[in-house]
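Notes for the one structure printed next.
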Amino acid sequence: MTSAVPFSRPAPPEGLPGDAERAPRELMTLPGASRDVRRWRLVEIRLGGRGRPGLLTVWRRPPGSTRWVVHVRWGDDVATLDGQAWGWFLYSEETVRPLPEPAVGPYFGRWRDAVTVPSEMAGSPDPGGADRCWRLAWVLTAGRWHSGLVTARRRPGPGPWIAHVRWGEDAQAAWVIADTAVLQPVPADTTSARPGAQSPAPAAAGADRKAR
């Protein structure tokens, strides 16, 4: 992580050819119960004519619809000019693509997870909020990569930097040592062509079948 400052660049204009299409209000307000599947996944969403990283948090099938819509957040509302760095979009494999997991192998022959830090050893927050941040990142826990969000980072003493990471629908969170081998921030700019990334739609459909 290179900075504790949240994304502060102005959001690019939307609605350019090839951009992700926002879900129309008529679709999102249909009467009846929607079918929601909460599942965090780091993705690339095309906005303003370019791909940018985002966190897909919810799949939704509106009542009577054959289309999935997805909720994607790509920045901190506080640092966004219009105060909204998220949206509901019609799912398309061309405009919402999963980012591939980091290509990191075993560490001296074995996998190692992010090292958690007890909250009582994390230190006190900066009164001015300087330790607050908003950064998408991969975190390695339980032997696998998880889509995460870094919400704060600080250096409580002469030791290493630590970061507060949330992953898995907000239900899991911890302070971890900010070791880039097991906590890898996602670049602010992504490449549209991502070899090796598979469509997340089948996983969502599978989760939907289990939920019924």
Item to check | Sole exception among (1) at pLDDT below 80; (2) more than 15 Å from the chain's Cα centre (by Cα); (3) of a type in the set (Asp, Glu) for ASP19, by number | outcome: (1)
Checklist entry - If you go through the stretch 80-94 one residue at a time, do you hit one that is in contact with a Pro (Cβ under 7 Å, 6 or more places away or on another chain) and open to solvent by 20 Å² or more (accessible area, probe 1.4 Å)? => result yes
Item to check | Qualifying residue in the stretch 99-110 (condition: open to solvent by 40 Å² or more (accessible area, probe 1.4 Å), at pLDDT 90 or above and of a type outside the set (A, V, I, L, M)) | outcome: yes
Checklist entry - Out of all the residues in the stretch 59-79, which are more than 15 Å from the chain's Cα centre (by Cα), surrounded by fewer than 20 Cβ atoms within 10 Å (Cβ to Cβ), modelled with pLDDT of 90 or more and not in a loop (DSSP other than H, G, I, E, B)? => result ARG61
Checklist entry - Do we have any residue at all in the stretch 40-54 that's within 30 Å of GLN172 (Cα to Cα) and surrounded by fewer than 17 Cβ atoms within 10 Å (Cβ to Cβ)? => result no
Checklist entry - Out of the residues in the stretch 158-174 that are open to solvent by 30 Å² or more (accessible area, probe 1.4 Å), over 17 Å from the mean Cα position of the chain (by Cα) and in contact (Cβ under 8 Å) with a residue 12 or more places away in the chain, which is farthest from ILE45 (Cα to Cα)? => result PRO160
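The values are calculated or read from the model by the stated rules, or taken from the named source; none is laboratory data. None of the values given here were measured: they were computed from a predicted structure. All Cβ positions, glycine included, derive from the backbone under ideal geometry; neighbour counts span all protein chains shown. Areas reflect the complete protein model, heavy atoms only, side chains present, ligands, DNA and RNA absent. Shrake-Rupley method; radii C 1.70, N 1.55, O 1.52, S 1.80 Å.
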